[in-house]
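K.L.:
For reference, the structure I am asking about is given below.
The values are calculated or read from the model by the stated rules, or taken from the named source; none is laboratory data. For clarity, every value in this text was computed on a predicted model and none was experimentally measured. Here the Cβ positions follow ideal geometry from the backbone for every residue, glycine too, while neighbour counts run over all protein chains shown.
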Amino acid sequence: MIEARNLTKTYGQKTAVNDITFTVRPGIVTGFLGPNGAGKSTTMRMIVGLDRPTAGRVTVNGRYYAAHTSPLSEVGALLDAKAVHTGRNAENHLLALAATARIPKRRVHEVIELTGLESVARKRVGGFSLGMGQRLGIAAALLGDPQTLILDEPINGLDPEGVRWVRSLVRGLAAEGRTVLLSSHLMSEMAVTADHLIVLGKGRVIADSPVADIIGGASLVSVRVRSPQASVLASTLASPDVTITHAEHDMLTVTGLDPRTIGDLAARGGIALHELTPISASLEEAYLQLTNDDVEYRTGASARNLEVSR
C-alpha cells in the first residue's frame, strides 16, 4: 500500500505538488493521470525517495522507502527506462542490480524470460529499441519480486503484443494482492487496465475514484438518433448550442441535447424515431472534461489550424 498525506514539493517559487493526500490500495490497478506538469513524476520520485518532500509524507507498506531493509523486494519502479549504462548488456545490468540487493542470479534469468528479453539479453543496451528498453525497465522493476509496483508510461514504444502483455502483467500482479500504480497518457489503454484513478491537476488531486465513476460523472457527450426523416429532424433540432452530424442517411449524432428533449421535439413535429441511444463519454472525454481547467501547456490556435489544414 502507498499512502501519501499532505504531500508537498516546491522548487523555489514553483509548487510542483500541493498538499495531496491519497492511498494506493493492494489488489487493484490504480491509474495515475494528469496533464504534463501536473506533478505525477515528482510524486512518484518522492514515493521512492529520489526527491524529498517539502512537507507531508509518503510511505510504502507503512515505511518510508529508505527505511526498508530490502527496497527492491518491497517496491519495483520504472520511472525512466533510459536510466541504464548503455555500454552494458541487459543481463549484466540486471545482475548488477541483483548483486546490490542480494537477489539470486536465477531471478535475473526469470525476469529476462518473463519480459521476453532472451534474444537480446547479451546485447548492449545502447542498441536497444524504445520497446526493448521499456521491457528491460520492467524487468528491473520486477527483479525483487516486489509487493508494490510503480510504472511510469510502461507501454511507451511497445507494439500491440507488448501492450497486451503489460496489461495482463499488471492485472495479474494486482490479482495476487499486490499494489500497482500505473501512469500513462493513453486513455484507451487505461480504460481497460485500471480499476481506480487518481488524477492530478496543477499539483492537486482533482479526482480519486473508480474508473466507472469518473466516466459516469462526465456530462453526456452525444446521442445517436435514427429516423426515416433524418434531414427534417436535423432542421427541427438545429440551434447554436447543438451540433449535429449525419453518420448515415437515416442516422444523426446529436451533441447538446439529451434523449428526452430530442424525443419531445420529434414528437411535436410528427417525426418518427427508430433509435434514440445515448452515447456515454469515453475515459478520454471524461478526463478532458475533468482536467480542462488544469492544463498548463495548451496547443495554440495556429497549431490547431495547421492540423486542420493537413
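K.L.:
For the stretch 74-109, which residues satisfy the criterion of being outside any helix (DSSP H, G or I) and β-branched (Val, Ile, Thr)?
P.N.:
Correct list: Val75, Val84, Thr86, Ile103.
K.L.:
Then there's this: Take the residues in the stretch 16-38 that are of a type outside the set (A, V, I, L, M, F, W, C) and modelled with pLDDT under 95, then tell me which one is nearest to Val180 (Cα to Cα).
P.N.:
So the residue we want is Gly34.
K.L.:
Output the qualifying pairs, or none if there are none: Cβ atoms under 7 angstrom, residues six or more apart or on different chains, first residue in the stretch 255-280 and on the phi < 0 side of the Ramachandran plot and β-branched (Val, Ile, Thr), second residue surrounded by 13 or more Cβ atoms within 10 Å (Cβ to Cβ) and part of a helix (DSSP H, G or I).
P.N.:
Within 7 Å, the pairs are Ile262/Leu237; Ile271/Val232; Ile271/Leu233; Ile271/Thr236.
K.L.:
If a residue has to be closer than 15 Å to Pro259 by Cα and touching a residue at least 12 places away in the same chain (Cβ under 8 Å) to count, how many in the stretch 231-240 make the cut?
P.N.:
4
K.L.:
Let me ask another. Identify all residues within the stretch 1-21 that are more than 20 Å from the chain's Cα centre (by Cα) and assigned to a loop (DSSP other than H, G, I, E, B); write none if there are none.
P.N.:
Within the stretch 1-21, Gly12, Gln13 meet the criteria.
K.L.:
Of the residues that sit in the stretch 72-87 and are without any contact (Cβ under 8 Å) to a residue 60 or more places away in the chain and over 23 Å from the mean Cα position of the chain (by Cα), which one is surrounded by the most Cβ atoms within 10 Å (Cβ to Cβ)?
P.N.:
Out of the qualifying residues, it is Val84.
K.L.:
Oh, and also: Restrict the check to the stretch 104-117 and report whether at least one residue is in contact with a Ser or Thr (Cβ under 8 Å, 6 or more places away or on another chain) and on the phi < 0 side of the Ramachandran plot.
P.N.:
no
K.L.:
Looking at the structure I just gave you, is Ser188 at negative phi, surrounded by fewer than 18 Cβ atoms within 10 Å (Cβ to Cβ) and in contact (Cβ under 8 Å) with a residue 24 or more places away in the chain?
P.N.:
For Ser188, the condition - at negative phi, surrounded by fewer than 18 Cβ atoms within 10 Å (Cβ to Cβ) and in contact (Cβ under 8 Å) with a residue 24 or more places away in the chain - is met.
K.L.:
Still on this structure, please answer the following. Can you give me the number of residues within the stretch 133-155 that are free of Cβ contacts under 8 Å to residues at least 40 places away in the same chain and in contact with a helix residue (DSSP H, G or I) (Cβ under 6 Å, 6 or more places away or on another chain)?
P.N.:
Residues that pass the stated criteria total 1.
K.L.:
Can you name the number of the only condition in (1) farther than 30 Å from Thr43 by Cβ; (2) of a type in the set (Ser, Thr, Tyr); (3) within 29 Å of the chain's Cα centre (by Cα) that Ser227 fails?
P.N.:
Going through (1) farther than 30 Å from Thr43 by Cβ; (2) of a type in the set (Ser, Thr, Tyr); (3) within 29 Å of the chain's Cα centre (by Cα) one by one, Ser227 breaks only (3).
K.L.:
Consider Val199 carefully, then state whether it is touching a strand residue (DSSP E or B) at 6+ places or on another chain (Cβ under 7 Å), surrounded by 15 or more Cβ atoms within 10 Å (Cβ to Cβ) and within 26 Å of Ala4 (Cα to Cα).
P.N.:
Here the answer is yes, as Val199 does meet what is asked.
K.L.:
Just to verify a result, which residue in the stretch 110-158, among those that are of a type in the set (S, T, N, Q) and not in a loop (DSSP other than H, G, I, E, B), is surrounded by the fewest Cβ atoms within 10 Å (Cβ to Cβ)?
P.N.:
Per the criteria, the residue is Ser119.
K.L.:
Just for the stretch 207-250: of the residues that are acidic (Asp, Glu) and within 30 Å of Phe22 (Cα to Cα), which one is surrounded by the fewest Cβ atoms within 10 Å (Cβ to Cβ)?
P.N.:
The qualifying residue surrounded by the fewest Cβ atoms within 10 Å (Cβ to Cβ) is Asp213.
Conditions (1) at pLDDT 95 or above; (2) not polar (S, T, N, Q), marked per residue:
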| residue | (1), (2) |
| --- | --- |
| Glu189 | no, yes |
| His196 | yes, yes |
| Val205 | yes, yes |
| Asp208 | yes, yes |
| Asp213 | no, yes |
| Asp250 | no, yes |
| Thr253 | no, no |
| Pro259 | no, yes |
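K.L.:
Still on this structure, please answer the following. Scanning for something part of a strand (DSSP E or B) and of a type in the set (Ser, Thr, Tyr), does the stretch 49-71 turn up at least one residue?
P.N.:
yes
For (1) in contact with a Phe, Trp or Tyr (Cβ under 8 Å, 6 or more places away or on another chain); (2) part of a helix (DSSP H, G or I); (3) modelled with pLDDT of 85 or more, each residue gets a yes or a no:
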residue: Ala247; (1), (2), (3): no, no, no
residue: Ala266; (1), (2), (3): no, yes, yes
residue: Leu273; (1), (2), (3): no, no, yes
residue: Thr277; (1), (2), (3): no, no, yes
residue: Glu284; (1), (2), (3): no, yes, yes
residue: Asn292; (1), (2), (3): no, yes, no
residue: Thr299; (1), (2), (3): no, no, no
residue: Ala303; (1), (2), (3): no, yes, no
residue: Glu307; (1), (2), (3): no, yes, no
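K.L.:
Exactly one of these conditions fails for Arg106: (1) at pLDDT 95 or above; (2) out of contact with any helix residue (DSSP H, G or I) (no Cβ under 9 Å at 6 or more places or on another chain); (3) within 30 Å of Asn292 (Cβ to Cβ). Give me its number.
P.N.:
Failing condition for Arg106: (3).
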